[in-house]
Amino acid sequence: MFIADNIISQKLDNVFFIVGSSCAGKTTAASELKRKYGFYCYSSDAMRTNCFKLANYANQPALSRYVPDYEALTVAEALEWEKNIIREMTPMMIADLIELSGKYQTIVFEGDIDTESLFPLIKPNKAVCLLTGRKQIVQDFFKRPDHAFILENIEKNAALSEREKQRRISKWKEIISGGQRMTDPDLEIPDNILEYGIKYYIRTEDSTVNDMMNIIEEHFGLPGSKI
């Protein structure tokens with residue numbers, strides 16, 4: 001079955017999309033919009049398990065792939081697998097959002113989605129991209145409770161030498177940085193953000209939630225903006 005892009009665009013017209021890099025504030029922004037306006041929030045992270053359950057190998061090979069030892073993957077392999085997982089999740093999530101758009105007046109999507117597929121379908125004022133530099137990502141990523149176990153499992157593994165522990169930690173830092181190394185630029189604006197005129201906000205150490213929310217609310221045309 002094929003659903004024309006203009007139909008999808010119409011059905012997604014009451015959905016605001018908050019996308020971007022890890023640790024840039026997507027979940028915080030969505031939570032603030034829910035608290036302030038009562039919007040329904042949809043998180044891609046929360047839907048991952050369900051997407052894996054729905055997948056079959058013929059249609060979603062990345063979601064159906066069995067990887068017994070994630071540590072055995074190279075950085076490039078891990079990033080490519082994650083990219084394909086998000087690409088395969090995207091139609092599932094869009095189908096969810098179309099269904100939910102008939103139930104809720106306004107929906108906020110936050111998380112990872114295939115922006116190459118999404119951006120041509122929506123108006124620029126329906127999406128904002130939150131970004132932060134690689135150093136900030138590495139500093140904050142493992143502080144989150146749902147990520148802290150990664151370092152804990154490595155550090156508590158008595159079978160690993162200290163050198164191997166550091167190698168694995170460095171590898172994880174490279175993965176969460178999108179394959180970027182310390183010698184690479186700390187932050188680059190994705191090309192498709194510029195191509196489609198998507199508003200972006202760069203989180204730094206000095207950024208505040210109020211700063212970020214003022215930008216987002218003003219861009220989405222919400223009454224709470226102080227700009």
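Counting just the residues of the range 40-72 that are out of contact with any Leu (no Cβ under 9 Å at 6 or more places or on another chain) and of a type in the set (A, V, I, L, M, F, W, C), which one comes out least open to solvent (accessible area, probe 1.4 Å)?
A62
Check Y66 against each of (1) at pLDDT below 95; (2) part of a helix (DSSP H, G or I) and name the one condition it does not meet.
(2)
Give the range 67-81 a look and list any residue that's in contact (Cβ under 8 Å) with a residue 40 or more places away in the chain, closer than 15 Å to S177 by Cα and touching a helix residue (DSSP H, G or I) at 6+ places or on another chain (Cβ under 9 Å), or say none.
V75, A78, L79
Condition (residue is open to solvent by 40 Å² or more (accessible area, probe 1.4 Å) and assigned to a loop (DSSP other than H, G, I, E, B)) applied to the range 206-213: is it met by at least one residue?
yes
Within the range 127-142, is there a residue that is loosely packed, with under 15 Cβ neighbours inside 10 Å and of a type in the set (S, T, Y)?
no
Name the residue that is most open to solvent (accessible area, probe 1.4 Å), counting only residues in the range 143-190 that are among the hydroxyl-bearing types (S, T, Y) and assigned to a loop (DSSP other than H, G, I, E, B).
T183
Looking at this structure, is I86 of a type in the set (A, V, I, L, M) and either modelled with pLDDT of 95 or more or more than 20 Å from N192 (Cβ to Cβ) (or both)?
yes
Determine, yes or no, whether I198 is open to solvent by less than 40 Å² (accessible area, probe 1.4 Å), touching a helix residue (DSSP H, G or I) at 6+ places or on another chain (Cβ under 9 Å) and at pLDDT below 95.
It is false that I198 is open to solvent by less than 40 Å² (accessible area, probe 1.4 Å), touching a helix residue (DSSP H, G or I) at 6+ places or on another chain (Cβ under 9 Å) and at pLDDT below 95.
Can you name every residue in the range 109-126 that is free of Cβ contacts under 8 Å to residues at least 60 places away in the same chain and either crowded, with 21+ Cβ neighbours inside 10 Å or part of a helix (DSSP H, G or I) (or both)?
Selection gives S117 alone.
List every residue pair whose Cβ atoms lie under 6 Å apart, where the two residues are 6 or more positions apart in sequence or sit on different chains, the first residue falls within the range 25-53 and is within 13 Å of L130 (Cβ to Cβ), and the second residue, located anywhere, is open to solvent by 60 Å² or more (accessible area, probe 1.4 Å).
So the pair list comes out as G25/R203.
The values are calculated or read from the model by the stated rules, or taken from the named source; none is laboratory data. All figures in this text were calculated on a predicted structure; none of them were measured in a lab. Counting neighbours? That spans all protein chains shown, and the Cβs are built from the backbone with ideal geometry, glycine included. For accessibility, only protein heavy atoms count, side chains too; no ligands or nucleic acids. Shrake-Rupley method; radii C 1.70, N 1.55, O 1.52, S 1.80 Å.
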